[in-house]
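The values are calculated or read from the model by the stated rules, or taken from the named source; none is laboratory data. Treat the numbers as computed from the prediction; the structure is a model and nothing was measured. A quick note on method: Cβ atoms are made from the backbone with ideal geometry, for glycine too, and the neighbour counts reach across all protein chains shown. What goes into the accessible areas is simple: the full protein's heavy atoms, side chains included, and nothing from ligands, DNA or RNA. Shrake-Rupley method; radii C 1.70, N 1.55, O 1.52, S 1.80 Å.
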Amino acid sequence: MSQTIALKLKPETYKRFQEIYTQLNANEKSALAKSLGENLADIACEVIDQVFSPLVRMAGSGDKESEKVLKQVLETLRKYMPWSVSFFGNDRLTPMVNYLEKLTFSKNGHDYLSYQVDNALITELLAYADHMKEGKNQYVAPSLKAFTQVVDQGVTSLIREPKKMLKFNMVVDKTLNGVINVTTQLGYKRFDKLATMYDAKMMSQFFDHFLEFLDDPAKTSV
């Protein structure tokens, strides 16, 4: 079993993605790689920003390093997302776009990109969130490890799997694997560091924010 993480997209970003999706499936002759690359970069940055920017804001001026890491991740996405799809014609891009389109949906007037997370992992994360609300600092580190796994499942669904569908040549594939590994490890190491910087009450605020992305009524029990 799994649960859904739903990440909001700006209306104009979602609309542009749907336009490109429609054009590709209508066998549009003009090249769409540039437009798609820019749109995917917008989507990726919107997703990352809405999840992690609140953590940076909550930390305030005392955590410049998290702000620096977030900025570096966003800059990397802006650089490599358009570049990665620029190699392909419309026919090669269509299966990947169709895959991503199945992960989008609209609900209550908002548009979302989603991915699935193992139910057991979400249950574990919810339990840790409850403990942190009670001020139990010993649960900060394990909660961040569980959170890292949730994020990594998103990286797999939204980055690694679409990349595999494009079947890059060996050189480009190796380059992109390196970019993905370096960028994710940069963020994950930062999560580990946060466990030594903030107490349960502080981290509880961030988890309250993150759990809002859980598209399941059970989240209201936290």
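Go through S86, S204 and list them by solvent-accessible area, largest first, probe radius 1.4 Å.
Solvent-accessible surface, decreasing: S86, S204.
For every other residue with a beta carbon closer than 13 angstrom to the beta carbon of D199, add +1 if it is Lys or Arg and -1 if Asp or Glu, then tell me the sum.
In short, +2.
With label points built 7 Å along Cα→Cβ from the Cα atoms of N98 and K29, find their separation and express it in nm.
If labels sit at N98 and K29, their model points lie 2.3 nm apart.
Which is farthest toward the positive dipole end of the chain among T175, S35, Y188, measuring Cα position about the Cα centre, with Cβ charges +1 (Lys, Arg) and -1 (Asp, Glu)?
T175
Using only helices, what value at 222 nm comes out for the chain when you add -39,500 (n - 2.57) per DSSP H run of length 4 or more and divide by the total residues, to the nearest 500 deg cm²/dmol?
When only DSSP H runs of four or more count, the value is -23000 deg cm²/dmol.
Of (i) 21; (ii) 50; (iii) 8, which one was derived for percent of Cα pairs over 32 Å apart from the structure shown?
Entry (i).
Would you work out which of Y80, G109, Q23 lies farthest towards the positive end of the dipole of the range 1-129? Charges go on Cβ: Lys and Arg +1, Asp and Glu -1.
Farthest along the dipole direction, towards plus: Q23.
Using the crude model of +1 on Lys and Arg Cβ and -1 on Asp and Glu Cβ, and no other charge, please compute the dipole size for the range 78-217 relative to its Cα centre, in debye to 20.
About 700 debye.
Would you kindly state how much longer the chain becomes between M58 and D130 on full extension, computed as 0.36 nm times their sequence separation minus their alpha carbon distance, in nm to one decimal?
24.0 nm
Using the basic label-point model (7 angstrom from Cα toward the beta carbon), what is the D118 to K167 distance in nanometres?
Spacing of the two 7 Å Cα→Cβ label points: 3.1 nm.
Helix 11-25 sits at what angle to the longest principal axis of the chain, using alpha carbons and giving 0 to 90 degrees rounded to 10?
40
Explain nothing, just the number: dipole magnitude of the range 16-65 about its Cα centre with +1 on each Lys and Arg Cβ and -1 on each Asp and Glu Cβ, in debye rounded to the nearest 20.
Dipole of the range 16-65, to the nearest 20 debye: 100 debye.
Which percent of the accessible heavy-atom area of the range 153-222 goes to carbon and sulfur, probe 1.4 angstrom?
Carbon with sulfur: 58 percent of the solvent-accessible area.
How far is it, in nm, from the label point at N181 to the one at D152 when both lie 7 Å from their Cα along the line to the Cβ?
The answer from the label model is 1.4 nm.
Suppose R0 equals 35 Å; then what is the FRET efficiency for N108 and R160 from their Cβ-Cβ distance, rounded to the nearest 0.05?
0.70
Quick one: accessible area per residue over the chain, 1.4 Å probe, rounded to a whole number of Å²?
Heavy-atom SASA per residue in the chain reads 52 Å².
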